[in-house]
Every structure is written in structure tokens, then in C-alpha cells.
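Each remark here refers to the structure printed beneath this line.
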Amino acid sequence: MADSAKKLVSAAAELNVSGSTPIYIDEDTGVDSPETAGTQEKPYKSLIGALTYTYKSHPDAKFQVRKSPSGAEDETREGYMPAAKAALKKAANLHAANLKKAAKQAELNAKEAETKAAREALMEEAKKIIIVEDPALPAAVNIKIRDSVQNRTKRIKVSGWVHRLRVQKQLVFITLRDGTGYLQCILAESLAKTYDALTLTVESTVTIYGVISPIPDGTHAPDGHELHADYFKVIGKAPGGDETITNIVAKDADPQTKYDNRHLVIRGEQASAILKVRAGVLRAFRKTYEDLGLLEVTPPCMVQTQVEGGSTLFEFNYYGEKAYLTQSSQLYLETCLPALGDVFCIQESFRAEKSLTRRHLSEYTHIEAELAFINFDDLLSHLEETICRTINNALSDPLIAGYIAELNPTFKAPARPFLRMTYADAINWLKERNVPNENGQPHEFGDDIAEAAERNMTDEIGLPIFLTRFPVEIKAFYMKKDPADLRVTESVDCLMPGVGEIVGGSMRMEGLEELMEGYKREGISPEPYYWFTDQRKYGTTPHGGYGLGLERFLAWMCDRFTVRDCSLYPRWTGRCTPLPVPLHRPREGERHPVIMTRARSCTIVPNFVGSKFGVHNGKIYNEFTVTEDMVGHKLGEFSATRKKFQYKLSKNK
């Protein structure tokens, strides 16, 4: 094929343009195809087309060309004229280049066919190789990879998934994963020549038998050893080709694709490491609470009362009655104090917040505690002790410490004491640095400090902060007022660099009259809360508590941009099933008062007119209200200032 192509190129280069066979070309009515006759009745359309289809059959062709009548006046011809030498030379050169390209492609096709034939022959030979376990060898001990170090030099068998795969001529290298660790395995000699070995794919499940031996100095493998196999069998073969897992959840895949395939993503080293840290941190919290004398309880998730405001309740029909998914277990924990003493729970909480920020979830793991006979300073000391002791407990596990070091190499346990800052001090801090509130105005006492401003302050200070004494108006009805300043509550948020708030807590109202006033202030009927109110009637006590969001805590420890990476199957606005509800297709007539999103490519539709949007760009937060002239534009076009938006609109027009 290559020799033939060279001859064709040579023929094109030596093309005789003065031959006697006429070939006709009409730039208006001609057609370049193998069926074209090249006559005046059926001419070609272009010179290169005529060359392509006639260079073999008419090597001595004489080309006659009729130009388009729409050309320049001095080029318009009604009849056929001989092709210009310059045009013919140009066409011949292009034709020669095309022949070279065709020859090269033919050569590649031949090589591919040869390789394919050799591969098929190899596969046929591989099918003839049958391996069996040698009965003369010692019985294999079934182990998990986590136990591989203490089982070196023994004959073992281990099962798992093919995490990585490298096939060489005489060897097959497998990195095996079983959820407890990774093990390098080597198939050699006849094992490497079997059909199963040659067709093995990533994520296939296998059982491998052999002996684990330390690797030579200067080489690398998990735990410093490798399994030299003497037998293996395939349990379940995963698909290859287009369906290979690395094609479905590639590293550069967009986030939505990864969340749609979260069941595959969690098989990755980073995602699984985060989930293992999560498990380790939960164990650490439980150990901390056990050491501090708190008892674990399990409150219900189906409730008929609110804790954090009615606008974020998930409502459902409970046998004909209105009920909700819990926002917090705090109220139930308070009822346990007289019976069980200080208590804690690790439960799921649910917030129907239409918020798509990087630190919000609709379902999250809530670590909550309530303590009796304490004051506000006791609460802060307990909270600091709990956080620091839990981190130390987690880091005392070498495996968990190793995962954290991989995920967040710069992580260090926070120093004590945490910085104490009152809400009033924070407002002054923001004003002095010209950090605006959500409306673009200077912060004033009474403002709810927004996420962006809070994170700005936390990241600049770079230390854990206990932000205390928030105004009564922006906190929950049950929070106790500060006796020294009745404008504020004995409340606290714990802020961490890179994440912001991870804990919210307070002293609780202990007086019956004060609690009844709180119900009234928030417009809440006290009747459904009779069981909560009774805590003030039947032996009240000074008490306080807090709630910690586990996913935010993990995002801080593991240096994750979003809390979604710290949940097994994260749930947020629009995502409860594998496929999300597109942001730009709301239900008919629906309006979202506040929607915060990072989906900068989403299109604004008429239903969103009058709604507020927050657009995140790294650490910068821009909020705007949708107006009629924004419809049809992308969210990412907008900024906080209307002036800049007007400029962008006119520029786009």
C-alpha cells in the first residue's frame, strides 16, 4: 500500500497537462464525485475534484474550465477554456499532498489490522492456558489488606477490586483495593498469559493467592510490599472501552457529572479518604463525649415543632397530620437533662433552605449536646475542650492522621484559647475594613453578618474564633438574654478559617416567663411545645448547648472547597435523586426569594424576576435582585453593582 501510494504521488507530480483527453470543469453546475463523467454535459465542479477522480484513468487529460458568471468581469467566460498553468500546478500540489495523506492513513490502517490480528491470535492462545491452584502449596489464609503486614511470608488469599492496572509483556501489575487498604500484586509467567489476565479491566473483582514479600530498597508500593501471585480468579469483570470508569468519572469531569455518578466517585482515593476521615472523626467525637461524661441519645427525626424558623422546614403528611423533618434535636436533648444528665446526639438534621452555597446542605449530620448547671463561660470552655480533644483523638489514629496529611498537608490542631470576639466587635471590625453588608452598605449593629463577610473576617484573622453575644432579633426564640446587656443573647458561633461557622450554640432560657415571651416574639403558639415548656415548670436549671455541622468540620480539617465532598451522598436544593432538577426550570409560577448558586452558566427565566441571587466566584460574593432586563442572560454576567451590569448589557448588545 505504501509503495502504491508513492507511485500515485509521483504520477500526480508528473501530471501531463498538455494531453489530448478533454476533462470538463464547470464551477457553477459541476459535481465532484466518482460518478461524474467529466463531459460537457456532466462536468466536474473543481480542478482538484477532477484530478482526484481522473488521475488514474486519464493521466494525459486536458482540463477545460468554465468560470462562474458571477466572478470578476475580466474572469467571466461563457465557454470552456484550458486550465491556467498556475491553477493546475496548485491543484496538482494539493492532489499530491492528499495522496501522501491517504498513503499514510493506509499504512496506519495496515499496522492497526496487523496489530489486531496479532492480538486476536494472542487471545486465542491465551484461552488455551488453563490455570489451577497447586494442591501442593500450603492452604491460603483469607485476609483483608489491612492485615497484610502481619501476614508477610505466609501464603494468603485476598479479594478486592482492581484499582490500577499495568500490563507488560511477561508481567501484570495490579493495585488491589478492598476498602481497608491497597496492595500491589504481580502476575507472572503463565498467570500473566491467561485470557483473564490479558482482558482484565479496572474495577473488576478478583481473588489473588500468593505470598507477600517486602519490596527492594528504592522501589515504592503501598505498605512497602507486594503480593507475588501463584493463582488468581476473576469474580466479576468490569466493562472496558467507552464504559471504563475513568471515562465516566474522569478527573476533569464537571461537578454535576461527578455527583450523578457519586457511587463511582467514592471509589477514588481522595473521596474514600474523606469518608474514612469522617468515620474516624465520628469515633473521636464519641470518645470525647464519653471521656467528658456525656451520654448519647437518639431523638426522633420526625417532629411537629420548629427549632430554627418555619421557613426552612421540610413538611410531610404524617398519617393525616402535619409533620416535619427535624431542623435540630436540641429541644429533645433539653428534656433529657433531668433524667440522664449531660447528653449528646449524632443525628441527621434537615433544612429546606433554597441555598446552593458551598457550605449548605439540605441534609447534614448534626452533632449536638446539652449541659445542665453551667454558665456561658462554662459553655465556651466545654466547646473549646470538645473541639480540641476530638481533633487530638482523631490524629492519634495513625491511619486517620495519614489521610488528613494527604488531604490537607498544612493542617495543625488549633492552639488554645480560641480568640473571643463579640458580635459588636465584629461589626466594628467589618466597618473599619469597609466590608459591606448584603445590601452593599456599611455594617450596623443588628445586621445578620453574611457568609462572605464572616469568611472574609475569619480568613484574614486566620484563627478559630468564638463570635459571641448576637442581638436578640437575629437569634432563635429559646436563647437566653445576656443579663448585662438585654439587647444581646448569650450565644456563640465558632468560626474556622476557610469555612466560617461550624458551631452555633447558646445558653437556653431557664425562666418560664422569658420563654413565653420568646414564643410571643416569634409568633409561635406555645401549645405544641408543652413538653418543652414543662422543663421550666418541673425543676428548671441554667443550661446550654450547641450544634456542630460535621460536614463543615470535615471541610475545615480536610481542606475541601465544599461540604458536599464530605457527605456520602450529599443532598441540596434540586438534588435528592441521582439527577438534579435544573436551576433554570422552576415549577410554573414558582419564585425563590433567595437562591444562592455557583452555577454561573444558568440562564435567568421570567419566574425569577424579583428574586435575589448570590453568585460566588472563589471567595467573592455578589448578590443582586433579578429585574426584567436580566431575563435570558447568564447568572455569571452579573455583579453586585447595577452600574456594572448595565455596562455589561450594553456591551453584549
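The values are calculated or read from the model by the stated rules, or taken from the named source; none is laboratory data. Predicted model only: the values in this text are computed from it and were never measured. Reconstructed Cβ throughout: ideal geometry from the backbone, glycine too, with neighbour counts over all protein chains shown. The accessibility values were calculated without ligands, DNA or RNA, using every heavy atom of the protein model including side chains. Shrake-Rupley method; radii C 1.70, N 1.55, O 1.52, S 1.80 Å.
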- request: Express the Stokes-Einstein translational diffusion coefficient of region 325-402 in µm² s⁻¹, to the nearest whole number, given a Kirkwood radius over alpha-carbon pairs, 4 °C and a viscosity of 1.567 mPa s.
  value: 87
- request: Pick out, in residue order, every one of the trypsin sites (Lys or Arg not before Pro) in region 24-62 that is DSSP loop and has at most 11 other C-beta atoms within 10 Å; say none if there are none.
  value: K56
statement: Per residue, accessible area of the chain with a 1.4 Å probe, heavy atoms of protein chains only, in Å², comes to 52
- prompt: Based on the Cα coordinates of region 128-236, what is the per residue volume of their convex hull in Å³?
  reply: 101
statement: Taking a straight Cα-to-Cα line shorter than 18 Å from K62, and setting aside same-chain aspartates and glutamates fewer than 8 residues away, one finds E14, D26, E27, D32, E41
task: State to the nearest 20 debye the size of the charge dipole of the chain about its Cα centre, where the only charges are +1 on K and R beta carbons and -1 on D and E beta carbons.
output: 2300
- request: Specify, per residue and in Å³, the volume enclosed by the convex hull of the alpha carbon atoms belonging to region 202-241.
  value: 94
query: If the viscosity is 1.567 mPa s and the temperature 4 °C, what translational diffusion coefficient in µm²/s does Stokes-Einstein give for region 88-173 when Rh comes from Kirkwood over Cα pairs?
result: 69
message: What is the percent carbon and sulfur in the accessible area of the chain, measuring with a 1.4 Å probe over the protein chains and ignoring ligands?
response: 53
message: Going by Cα centres, region 336-378 and region 432-508 are how many Å apart?
response: 18
query: To the nearest Å, what is the center-to-center distance of region 227-244 and region 158-212, using C-alpha atoms only?
result: 7
Most to least packed among 209-218, 277-286 [average Cβ atoms within 10 Å]: 277-286, 209-218
- prompt: By the gyration tensor of its Cα atoms, with a ≥ b ≥ c the square roots of the eigenvalues, what is the shape of region 250-304: rounded for a/c under 1.5, prolate for a/b over b/c, or oblate?
  reply: oblate
- request: If a/c stays under 1.5 just call it rounded; otherwise compare a/b with b/c (prolate if a/b is bigger, oblate if not). Do that for the chain, with a ≥ b ≥ c from the square roots of the Cα gyration tensor eigenvalues.
  value: oblate
query: How high is the FRET efficiency between D378 and R487 when r is their beta carbon distance and R₀ equals 30 Å, given to the nearest 0.05?
result: 0.85
task: Determine the gain in length on full extension of the stretch S272-I461; use 0.36 nm per residue of separation and subtract their C-alpha separation, reporting nm with one decimal.
output: 64.9 nm
message: Please compute the Kirkwood hydrodynamic radius of region 327-467 from all pairs of different C-alpha atoms, in Å with one decimal.
response: 18.2
- line: The summed charge of the I404 Cβ neighbourhood (under 15 Å; Lys/Arg +1, Asp/Glu -1) stands at 0
- request: Quick one: grab the alpha carbon gyration tensor of region 238-367, order the square roots of its eigenvalues as a ≥ b ≥ c, and give me rounded if a/c is under 1.5, else prolate or oblate depending on whether a/b is larger than b/c.
  value: oblate
field: Axial C-alpha extent at least 24 Å, average Kyte-Doolittle at least 0.0 - helices from the chain (DSSP)
entry: 376-395
field: Options P59, T541, L407, ranked by Cα towards positive dipole end of the chain, top entry (Cβ charges)
entry: P59
field: Förster radius 41 Å - calculated FRET efficiency between L340 and R152, Cβ distance, rounded to 0.05
entry: 0.30
field: Entries in K144/K193; K251/K354; K480/K537 that, when Cα-Cα distance is taken, lie over 24 Å
entry: K144/K193; K251/K354
